[in-house]
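Working notes, beginning with the structure itself.
Here, each number is a calculation from the coordinates, and none is a lab measurement. Predicted, not measured: the structure shown is a model, and the values here were computed from it. We place every Cβ from the backbone using ideal geometry, glycine too, and count neighbours over all the protein chains shown.
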Amino acid sequence: MDLRRVMAAAVISVTGLGLAGVAVSSLSSGVPGLPGGIIVAAVLVLGGAFAIAGPALYRSSVTSDHLLRVAGWNTLGVVVTVAVLALVGTFQAADGGRVAAPLLSGAVIVGVSAFAHVLIGVNDVRRIRARTVADQRRKAAVVNRFVRHDLRHAAQLLIGYSDQIGGEGLPDDAAADDSDGDGSNNDDVAAKIASIAQQLSETQSRVKVIDELLEGEPDTRASVVVSDSLEDRRTSLTDGHPDASLRIDSDGNPAVRGGDHVLTAVVELVENALEHGGDPADVRVRERRVGDEVEIRVIDDGDGFPADERALINDDENETQLRHSSGMGLWLSKWVFEFYGGSLTLGTNESGDSEATVRLPAAGGS
């Protein structure tokens, strides 16, 4: 049972029960004239609507966070209106004035205010959901473009290698990919095909992570010390770069909030640095606690991130069919960090080195 959801629905229902209680109490004590009857009826309708709305919203498809948001708006309407009515009533009493049936009069005003604030909350949630859907569509478009590119490229290479095995030679695209051998050996072709399969497997793994981000909610209970986890993976990270240097420095080994996907995203940055750094690459990972956040910088001695890449990842420009980044790894990292309330910024330091800066919420007690 989601306690947040129960609490949000209960807040809305309690508002309705309170209004209905005031109306019933007024009926039992007698309501003077038609205007009084109309006011009691209005309070009863509002109370019934709120009482029914709580369970209905609990069973709806509205997320718990959004339901809490609506309940918050409802509470704001009740609290602010009651405070204003109390202030006005105090002023009138001090001036010798008197309000007929103050409880009932106040109830109808509170009910209308709460109803208006719930509508504001619903509209607020709809706006957030619309923005979320637009963001998901943008991510889906980016993923779709990368997947189509990878599949098309892999298909072209596989057709070329199959033709070679059949004695027809390699097409230009496959020949360019075969620069380290003459392509006449079936073992060499098999190795090329295995490499393609590995690349497709990596693409599939990235798509799986992105799909989980789109469908899930962040687990704020999980935590990971990135520097420690990178040390555990040092061998696998440098296997393909035997001459590269990888230095991992941490100031106190602070933990960040997030699960395994956080480490996956940082690994993407490190692998990117190892691949595009100098010859051989010199990669440095620096981790430190800054206030309520953990800052992780991945630095390499390459030529720096391309200007277009920086502008897109840093949200300075929007991706289009004609203007887009060259790899899925950086997008994956960016989306993972944002999913856990963090950020990714690409830049160049004073020495001209490429620098990817990650900021993530620190885990409690770190």
Scoring the chain by relative contact order with C-alpha pairs under 8 Å, at least six apart, yields a percentage of 11 percent
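Report the relative contact order of segment 1-105, percent, no decimals, based on alpha-carbon pairs under 8 angstrom and at least 6 residues apart. Don't skip to the end; give the middle numbers.
On the way: 86 pairs, mean separation 41.8, N = 105.
Relative contact order comes out at 40 percent.
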What nm value, rounded to one decimal, do you get for the distance between ARG288 and ASP211 when each label is placed 7 Å out toward the C-beta? 4.1 nm
Build a GNM of the chain with springs between Cα atoms under 10 Å: which of GLY30, GLY21, GLY72 gets the top mean-square fluctuation? GLY30
Using only helices, what value at 222 nm comes out for the chain when you add -39,500 (n - 2.57) per DSSP H run of length 4 or more and divide by the total residues, to the nearest 500 deg cm²/dmol? -22000 deg cm²/dmol
Taking the beta-carbon count within 10 Å as an exposure proxy, list MET7, MET328 from fewest neighbours to most. MET7, MET328
Once each part is reduced to its C-alpha centroid, what is the distance from segment 50-94 to segment 102-130 in angstrom? 6 Å
Which lysines have a Cα lying under 25 Å from the Cα of LYS334, excluding residues fewer than 8 positions away in the same chain? LYS139, LYS208
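At a Förster distance of 45 Å, what's the computed FRET efficiency of THR345 paired with ALA83, Cβ-Cβ distance as r, to 0.05? Write down the numbers at each step before the final one.
Numbers: r = 43 Å, r/R0 = 0.95.
My answer for the efficiency is 0.55.
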Pick the calculated volume of the Cα convex hull per residue in Å³ for this structure from [x] 215; [y] 143; [z] 124? [x]
